[in-house]
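Take this structure first; my questions come after.
Coordinate-derived values only; no laboratory data. Fair warning: this is a prediction, and the values are worked out from it, not measured in the lab. Virtual Cβ from ideal backbone geometry, glycine too; neighbours counted across all protein chains shown.
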Amino acid sequence: MPTYESMPFHLLTERLVLRPWDEADAAEFSALLSERGKGTPTVEHIRTSITELLTATEKTGIALLPIQRRDEGDFIGYCGLIIGRSTLEEPEIAYELFQRVHGRGYATEAAAAVLEAAAATGRTRLWSTVGTWNTPSLRVLEKLGFERDRVSTEDSGEVAWLTRSLP
Ligand SMILES: CC(C)(COP(=O)(O)OP(=O)(O)OC[C@H]1O[C@@H](n2cnc3c(N)ncnc32)[C@H](O)[C@@H]1OP(=O)(O)O)[C@@H](O)C(=O)NCCC(=O)NCCS
């Protein structure tokens, strides 16, 4: 595999800042994951997850980053790059935001900054895998210029694979 620069871990947009994880994010991160409707992870469990994310980033140079609103200063979700179902060379973009802030263009704004950060590492292609039912997420990807490559079937249902080349 070619070597890539580490992605920048501080990204600034018009309304948002993406920055590294802090232990103080644990309670909000737990609240975010509880919106998946499968229970609330303990803060202890979340602290372990944050440590695992940081360890993975040390190894890979790519990261999921907390998203904070610049005006309000609140944690509203995360966005970044993961290996996911793809590879370190062509990673996946991922995002998840609190329901209370959906529909205001925040995911698109954060993801656009992550695309730029991915390009800065020297990578030339990104992927995203999304449940075919997930209209909002597919719309975000469409707005970012991703194109559908294929659909696979998993136990959990149909998964759309989308890709975007980077300048
Ligand atoms: C996917 C997600 C991050 C989008 O965040 P967001 O900040 O609301 O996204 P944006 O506001 O940037 O864009 C959402 C777009 O979807 C559209 N949309 C939302 N719900 C929709 C629906 N039911 N049908 C059609 N379009 C819909 C919005 O209108 C908007 O498009 P527009 O700008 O053309 O109007 C958010 O819904 C989320 O966190 N979902 C749960 C986690 C998740 O599914 N993550 C992705 C896993 S692949």
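Pull out all pairs, ordered by first then second residue, where Cβ-Cβ is under 7 Å, the residues are six or more apart or on different chains, the first lies in segment 134-152 and is over 13 Å from Ala112 (Cα atoms), and the second is surrounded by 12 or more Cβ atoms within 10 Å (Cβ to Cβ) and hydroxyl-bearing (Ser, Thr, Tyr).
Glu147/Thr163; Asp149/Thr163; Val151/Thr132
Suppose we keep only residues that are touching a strand residue (DSSP E or B) at 6+ places or on another chain (Cβ under 7 Å) and part of a strand (DSSP E or B) within segment 1-60. Which one would you say is surrounded by the fewest Cβ atoms within 10 Å (Cβ to Cβ)?
Looking at residues that are touching a strand residue (DSSP E or B) at 6+ places or on another chain (Cβ under 7 Å) and part of a strand (DSSP E or B), I get Val17.
So which residues in segment 80-116 are more than 12 Å from the chain's Cα centre (by Cα), part of a helix (DSSP H, G or I) and away from the ligand (no atom under 12 Å from the Cβ), if there are any at all?
Residue satisfying the conditions is Glu116 alone.
Looking at segment 119-144, which of its residues are more than 12 Å from the chain's Cα centre (by Cα) and among the small types (Gly, Ala, Ser)?
Residues satisfying the conditions are Ala119, Ala120, Gly122, Gly131.
Write out, first by first residue and then by second, each pair whose Cβ atoms fall under 8 Å of each other, whose residues are 6+ apart or on separate chains, and whose first residue, in segment 93-114, is farther than 23 Å from Thr163 by Cβ while the second is small (Gly, Ala, Ser) and more than 8 Å from the ligand (Cβ to nearest atom).
So the pair list comes out as Phe98/Ala31.
Now a separate question. Taking segment 123-143 as the search range and keeping residues that are under 24 Å from Thr60 (Cα atoms) and not in a helix (DSSP H, G or I), which one is nearest to the ligand (Cβ to nearest atom)?
Applying the filter and picking the extreme gives Val130.
Do we find that Ala120 is within 13 Å of the ligand (Cβ to nearest atom) and closer than 21 Å to Arg19 by Cα in this structure?
When the stated conditions are applied, Ala120 does not pass them.
Quick check on segment 59-73. Is at least one of its residues free of Cβ contacts under 8 Å to residues at least 12 places away in the same chain, of a type outside the set (Ser, Thr, Tyr) and within 24 Å of Arg100 (Cα to Cα)?
Yes, segment 59-73 contains at least one residue that is free of Cβ contacts under 8 Å to residues at least 12 places away in the same chain, of a type outside the set (Ser, Thr, Tyr) and within 24 Å of Arg100 (Cα to Cα).
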